[in-house]
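The structure appears right after this line, and notes come after that.
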């Protein structure tokens, strides 16, 4: 499997075996994280951490032993970059046969207990942050890293998992302006269409210039997610899929990320 294949095969999982991931796979994942190259500067940190003793970390299930945290500063652009980098790591985990699920809401006190060696400073040990930027690094989102446990999953969870992971809007619904796309651009944006999003609301929009030399990715102006305070994470996730699609097709490009009208906006210049 490649990361492109992982885009099509990855599903959000909410039921896990208690077995830790194999040490060889953990080493491969750490090597991927340490050598990951992206087309922009950033201060994003990716950390693996362990939970034990049935810790109540996630709202829907008991935490498995191995978990993942994506951390950054809390301005909109940094948060969006965290989504981009975190998604590449989770896709690689899928490539290794490891199941994952993005979580932006978790039990803060438990996370503080599990990650005391990673706190921003001795005077400010909190990992949480509000709707606006705060000083220092914060945990943007976390995910389990474990093997899928199908048996015993509640029917409602199976239905939610199926609906959240498979149902996607048509690309035409997500395009702003030009819709008659070349095969290569269509391929990249169709990968972005498959990106996970909070509540599966798929609120990103793609704007392609007439000469296809510029692809813009952002939320609709004024968009407010009903439950998720930081949808710029999801914009970064979608951008990472475009990144993979353009690389797969051998297209040269540069990336620019800006804050505009209250949200993070990604520009791919071809």
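The values are calculated or read from the model by the stated rules, or taken from the named source; none is laboratory data. Since we're looking at a predicted model, the values are computed, not measured. Cβ sites come from the backbone with ideal geometry, for glycine too, and all protein chains shown count toward neighbours.
If you take just the helices (runs of 4 or more DSSP H) that sit entirely in segment 1-111, which of them hold at least 3 residues that are touching a residue at least 12 places away in the same chain (Cβ under 8 Å), in contact with a strand residue (DSSP E or B) (Cβ under 9 Å, 6 or more places away or on another chain) and under 22 Å from residue 193 (Cα atoms)?
In segment 1-111, the matching helices (runs of 4 or more DSSP H) lie at 76-95.
Please list, ordered by first then second residue, the pairs with beta carbon atoms under 9 Å, 6 or more apart or interchain, first in segment 154-181 and outside any helix (DSSP H, G or I), second modelled with pLDDT of 90 or more and loosely packed, with under 10 Cβ neighbours inside 10 Å.
177/210; 178/210; 179/172
Taking residue 70 as the residue in question, decide whether it is surrounded by 19 or more Cβ atoms within 10 Å (Cβ to Cβ) and in the same structural domain as residue 132 (by TED's automatic domain parsing).
Yes, satisfied.
So, of the residues in segment 221-250 that are part of a loop (DSSP other than H, G, I, E, B) and at pLDDT 95 or above, which turns out to be nearest to residue 206 (Cα to Cα)?
The extreme case among them is 249.
Please give the number of the condition residue 215 fails out of (1) surrounded by fewer than 21 Cβ atoms within 10 Å (Cβ to Cβ); (2) touching a strand residue (DSSP E or B) at 6+ places or on another chain (Cβ under 7 Å); (3) modelled with pLDDT of 95 or more.
For residue 215, the failing item is (1).
Yes/no per residue for (1) more than 17 Å from the chain's Cα centre (by Cα); (2) under 30 Å from residue 99 (Cβ atoms):
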| site | (1), (2) |
| --- | --- |
| 175 | yes, no |
| 183 | yes, no |
| 203 | no, yes |
| 210 | yes, no |
| 232 | no, yes |
| 236 | no, yes |
| 257 | no, yes |
| 263 | no, no |
| 270 | yes, no |
